[in-house]
1. Relative to the present Cα-Cα distance, how much length would full extension add between Phe183 and Glu139 at 0.36 nm per residue of separation?
2. Of the cross-linked pairs Lys21/Lys138; Lys10/Lys37; Lys5/Lys49; Lys74/Lys100; Lys192/Lys217; Lys49/Lys207, which ones have a Cα-Cα span greater than 23 Å in the structure shown?
3. Would you list His102, His64 from fewest to most Cβ contacts within 10 Å?
4. Ranking Tyr211, Tyr120, Tyr95 by Cβ neighbours within 10 Å, fewest first, what do you get?
5. So what's the stretch 2-139 giving for Rg/Rh, alpha carbon basis, Kirkwood Rh from the mean inverse pair distance?
6. Once label points are set 7 Å from the Cα along Cα→Cβ at both Ser7 and Asn48, what is their separation, rounded to one decimal in nm?
7. For each of Thr98, Thr50, count neighbouring Cβ atoms within 10 Å of the residue's Cβ, then give the residues from fewest to most.
Amino acid sequence: MATVKVSTTKNGTRAMNYAEKRATVKDGLNCEINNAKNEMATVRSFYNKTDNIQAHLVIQSFSHEESQQLGAEKINHLGIELAQKIAPNHQIAVYTHTDKEHFHNHIVMNSVSFSDGSKYHQHHFFDHVKTLNDELAKEHGLSIVTESALERKTMAEIKLEKKGQIPWKQEIRNAVDSTMGDFSVNSYERFKACLNEKGVDVTIRGKNVTYELLDSKNKVRGVKLGEDYQKEPILTELSRRSNLGLQQTMSAEANQMRSNELRTAANQERQYQTRKKEFQKEIQQERYIDRGFSL
């Protein structure tokens, strides 16, 4: 069975140093593994995106039986395959550890794309990675583990859910999920307005985001709800959508300008042809007059 855990780091180099020390096998996607730290840092510096989240981390673990069956080289290759599924346009290093019965990959993904400089964000990152990992397991005939989504739930929340009740924190998660599921929401102002319509207020102070249920006045920080509900993942995704919309608008404007240019050129050509015909007619008339013919 192949399972996954996910997290983020603000120090990509440190994460890679830790993973590399105990690695039996290592390989890279879109980077030379022995120079991966420098190559990733270069991309972040080139696009001036060195602060906040520098890398996304995935730990891909295998059962003892599958570890023995597959071996370190094959498990590392499965890590590369998962990396390709997650982010084909990012630099990713895969380090395979075999110092425990359960072999596992430390997958370190540069947060900045080498192709366009965009920062990676996938809402519900754990669910996304787990789905891709399950697909990979099926492709290779490995068993699949059913796990709940990576949300930070207390025992009280879990007990309420077992009774069929919705905890107030889950109400907030549901409101955020519904709002982020609407891809027309591409700014913090729009995000805040939509949440208000769902009975949730949101406030950003410094590095933290706080949600409040308007009816009950219950408050909670995003960090208590899970990674997808924290400040940076939310703002990063909203910024990505805003930039995408701007690019589409600029493309539409460029197409409109081109269309206008073509129409102008066509009109000018028609005017030229009309003047040309009129001029030819005038020349013909003058020739008739010169020959003594009357019109």
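1. So the chain would gain 12.7 nm between Phe183 and Glu139.
2. Check vs 23 Å cut-off fails for Lys21/Lys138; Lys5/Lys49.
3. In increasing order of surrounding Cβ atoms, one gets His64, His102.
4. Details: Tyr211 23, Tyr120 20, Tyr95 26.
So the ranking, lowest neighbour count to highest, is Tyr120, Tyr211, Tyr95.
5. 0.95
6. Taking the two extended label points, one gets 3.2 nm.
7. Neighbour counts put them in this order, fewest first: Thr50, Thr98.
Taken together, the values in this text are just the output of simple stated rules run on the coordinates, not laboratory data. Quick caveat, the model's predicted, so the values are computed rather than measured. Glycine gets a Cβ as well: all are built from the backbone with ideal geometry, and neighbour counts include every protein chain shown.
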